[in-house]
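Colleague: Mind having a look at this structure? Questions to follow.
Bear in mind these aren't lab numbers, they're just calculated from the coordinates by the rules spelled out. Keep in mind that this is a model prediction, so the values were computed, not measured. Neighbour counts are summed over all protein chains in view; Cβ atoms, including those assigned to glycine, are modelled from backbone coordinates with ideal geometry.
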Amino acid sequence: MGFGPLLLLASLEGLVTAATLALMALGLSLVFGVMRVVNVAHGEFFMLGAVVAWAVSTAFAGHPAVGFGAALLVAPLVVGAVAFAAERLVLKRLNYDPEATIVATIGLLYIVQQLALTFYGADARPVQPPFSFRVQLPWFGYSGYKLAVVAAAVVLLLGAWFVLARTRAGLVMRATQYDAETAQAFGIPVGRVYAAVFALGAMLAAVAAVLVVPVSQAHYLMGRDPLLLSFVVVIIGGLGSLRGTVVAALLIGLSDGIISTLFFSPTLAKILATLIVALVLVFRPQGLYGTAAR
Amino acid sequence: MNDTSAVRVWLLHLGVVAALFAAGFLLPDYHRGVFSRVMVLAVFAMGYNLLLGYSGLLSLGHAMFFAAGLYGAGLPLYHLGWSPVPAFAAGVAAGGLLALVVGALALRTVGVAFMIVTMMFSQVVYLTTLYFTTWTRGEEGLVLPPASRRLALGDAVVSLSDPAARYMVALGLFAIVLLVMLRLVRAPFGRTLAGIRENEERMRMLGYDTFRAKLGAVVVSGLVCAAAGAAYGLMFGYVGSGFASIQYSILPLLWVLVGGAATTLGPLLGTAFMFYVIDYASGLTTAWLVLVGAALIFVVLFFPKGILGTLRERWLKWLP
């Protein structure tokens, strides 16, 4: 394969990464934007989504599309319920203090991860994709399912934008984000908004996981790298900015795909990427599109 | 602070050191081994406490300083055949240098950004130890041969692989760091840090260079944590990437929170307590990380001041 087709293949792989990353990072960004909570357990919600997807899809015999469809419904609901309970039982009682919530979500991370290891096991297990046709390009065939993942992510992101920008629920969320106290004074149930946003953020991670699990397998440690990458995306895009999140996810996903396929060792790529992001945070804390913290 | 209270505080700390010295002869072998580890790790926690407790800076990346000490001491000993004392010094120096660079960069941020930046720098250090796997052997790590871990004190040779000697070396390091910390937090430098923790703006208005004070705190913290790392590697003879992973950034946070942030003896108490809880739990189940997670949540929910912090608030107001 020549350089051009290889670059195209790397870009397609990067696009798939970018799609799931954008969904996951949007969840993280929403939670941080509205609640000012850094959810370190976000990667575990992603992992939990994949594990539930595996459990649901293996419970259904017959055509893989049936099991996958069921997983796409059940996994976000289960993960959302877990997140909702965590918010009501823990985060709310901490009054959303930034440092205490980080410590608490680290605790949550360990609990979820270890329970997954205990009950699900240390093996990586595959989920059947709902359909399997290959798109035949002149140089290579490409999985049609992966392209469908990208399309699904685009639809979901457009949906998220619509909800945030054009509906009453989105207005309530933005009002809470802008000034929780004033929102409360205007009769917005801030507590319930927080719980809903936290659950919604976790559900976005779970949906991303269900979409990606047929191409990457479910494993109890799979939340680790996506968590770091979504932090990176949220930071570079600017905390709480939807447009920034999508642009940054494209940037990170594509460069991740291209760098790790074409160039030097993935470890070195990770070192450089992490270092660059840390320096971005040091010298330009508002990110590409964000506004300076008030 | 009046004189009787100062005397009481010094007596308490010297008493703890004396009790640990006596315990070195009285404890059964197993618990003496555990306490050797606990004391070294408590040094790590004390270094962390200087930032979290006294300066109010929550770092999620202190594994990098521990690892700097560990590798700074372990690599020259293993590859260049250095003896333990210069290797220890190299480890501490590596930690101090790293802390100076990381501090100068990370302290430009505050709050949540500071946590994430420190976590990322620590991740870079972790990945670096994996990248240079030719020298570090990555996750598998290096085993330092017992023959290289001998201290020559005049004519006598102390082997760091002998449990009794190891306990006394651990106690020596612990006692030095404990008394230096006690002195430090009661000195003007420690008071300045506490002032910054309570209200940085006001300290700046009063004419303090808060950036320099915080940088000083990061460097001292890095030096202490690196000393713990270097001692851990030299005493237990193992240097591996696992010690640079995020888990070793979280553990000192847990130990300090459990024992009580901004208390001098809290780190020892928290480390010992969690060590025994995990030790006990891992006899019952392999899922001991659940316990770490549950402990973190439980502590922030119900005991935000930790064991000693709560004691101090209720009864013992004079505790440092």
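Colleague: Report the percentage of all Cα-Cα pairs in chain A whose separation exceeds 33 Å, rounded to a whole percent. Let's see the in-between values first.
Modeller: Values: 9431 of 43071 pairs.
Distances greater than 33 Å cover 22 percent of the Cα pairs.
Colleague: Sticking with the crude label model, points 7 Å out along Cα→Cβ, report the distance from residue B:89 to residue A:279 in nm, one decimal please.
Modeller: Calculated label separation equals 3.3 nm.
Colleague: Next question, about the same structure. In chain B, if the dipole is taken from +1 on Lys/Arg beta carbons and -1 on Asp/Glu beta carbons about the Cα centre, which of B:232, B:56, B:79 is farthest to the positive end?
Modeller: Highest projection toward the positive end goes to B:56.
Colleague: Let a ≥ b ≥ c be the square roots of the eigenvalues of the Cα gyration tensor of segment B:95-204; is it rounded (a/c under 1.5), or, if not, prolate (a/b larger than b/c) or oblate?
Modeller: Numbers: a/c = 3.58, a/b = 1.36, b/c = 2.63.
Here segment B:95-204 falls in the oblate category.
Colleague: At what distance in nm do the modelled label points of residue A:161 and residue B:148 sit from each other, each positioned 7 Å from its Cα along Cα→Cβ?
Modeller: So the two model labels end up 5.8 nm from each other.
Colleague: Grab the DSSP H runs of chain B that are 4 residues or longer, score each as -39,500 (n - 2.57), total them, divide by all residues and round the 222 nm result to the nearest 500 deg cm²/dmol.
Modeller: Computed mean residue ellipticity for chain B: -24500 deg cm²/dmol.
Colleague: Can you bin segment B:201-320 into rounded, prolate or oblate? Criterion: square roots of the alpha carbon gyration tensor eigenvalues sorted a ≥ b ≥ c, rounded for a/c under 1.5, prolate for a/b above b/c, oblate for the rest.
Modeller: Oblate is the answer for segment B:201-320, as a/c is 1.5 or above yet b/c matches or exceeds a/b.
Colleague: Taking residue A:92 as the anchor, which lysines have their alpha carbon closer than 27 Å to its alpha carbon, excluding any fewer than eight residues away along the same chain?
Modeller: Cross-link targets: B:305.
Colleague: Let's test the formula: R0 of 51 Å, r as the Cβ-Cβ distance of residue B:318 and residue B:285. What FRET efficiency results, to the nearest 0.05?
Modeller: Efficiency for this residue pair is about 0.80.
Colleague: May I ask you to compute the full-extension gain from residue A:125 to residue A:58, defined as 0.36 nm times their residue separation minus their alpha-carbon distance, rounded to one decimal in nm?
Modeller: Contour length minus the Cα-Cα distance gives 23.1 nm.
Colleague: Near the amide H of residue B:238, under 5 Å away, which other amide H atoms are found, from residues 5 or more places off or on another chain, if H is placed in the peptide plane?
Modeller: Distant-sequence amide H within range of residue B:238: B:144.
Colleague: Between residue A:243 and residue B:97, how high is the FRET efficiency from 1/(1 + (r/R0)^6) when r is the Cβ-Cβ distance and R₀ = 41 Å? Nearest 0.05.
Modeller: 0.50
Colleague: Please give the calculated 222 nm ellipticity per residue for chain A, where each DSSP H segment of at least 4 residues contributes -39500 (n - 2.57) and the sum is spread over every residue; nearest 500 deg cm²/dmol?
Modeller: After summing the helix terms and dividing by residue count, I get -25500 deg cm²/dmol.
Colleague: Packing-wise, with mean Cβ within 10 Å as the measure, how do A:224-237, B:123-136, A:52-65, A:120-133 rank, highest first?
Modeller: Listed from highest to lowest mean packing, they are A:224-237, B:123-136, A:52-65, A:120-133.
Colleague: I want to check the label-to-label distance for residue B:162 and residue A:136. Put each point 7 Å from Cα in the C-beta direction and report it in nm to one decimal.
Modeller: 7.8
Colleague: Continuing with the same structure: Can you give the FRET efficiency to the nearest 0.05 for residue B:139 and residue A:181, using r as the Cβ-Cβ distance and R₀ = 41 Å?
Modeller: Working from the Cβ atoms, E equals 0.25.
Colleague: Also: Kirkwood hydrodynamic radius, the protein assembly as shown, all distinct C-alpha pairs: what's the number in Å?
Modeller: 25.8
Colleague: Relative contact order, percent, of segment B:255-299 when contacts are C-alpha pairs under 8 Å separated by at least 6 residues?
Modeller: 28
Colleague: Rounded, prolate or oblate: which one fits segment A:1-94, using the alpha carbon gyration tensor with axes a ≥ b ≥ c (rounded when a/c is under 1.5, else prolate when a/b beats b/c, else oblate)?
Modeller: Note, shape of segment A:1-94 comes out oblate.
Colleague: Quick one: compute the contact order of segment B:227-286, relative version, from alpha carbon pairs under 8 angstrom and 6+ residues apart, as a percent.
Modeller: Normalised by residue count, the contact order of segment B:227-286 is 18 percent.
Colleague: For the Cα atoms of chain A, what angle does the longest principal axis make with the long axis of helix A:168-178, in degrees from 0 to 90, nearest 10?
Modeller: Value to nearest ten degrees: 70.
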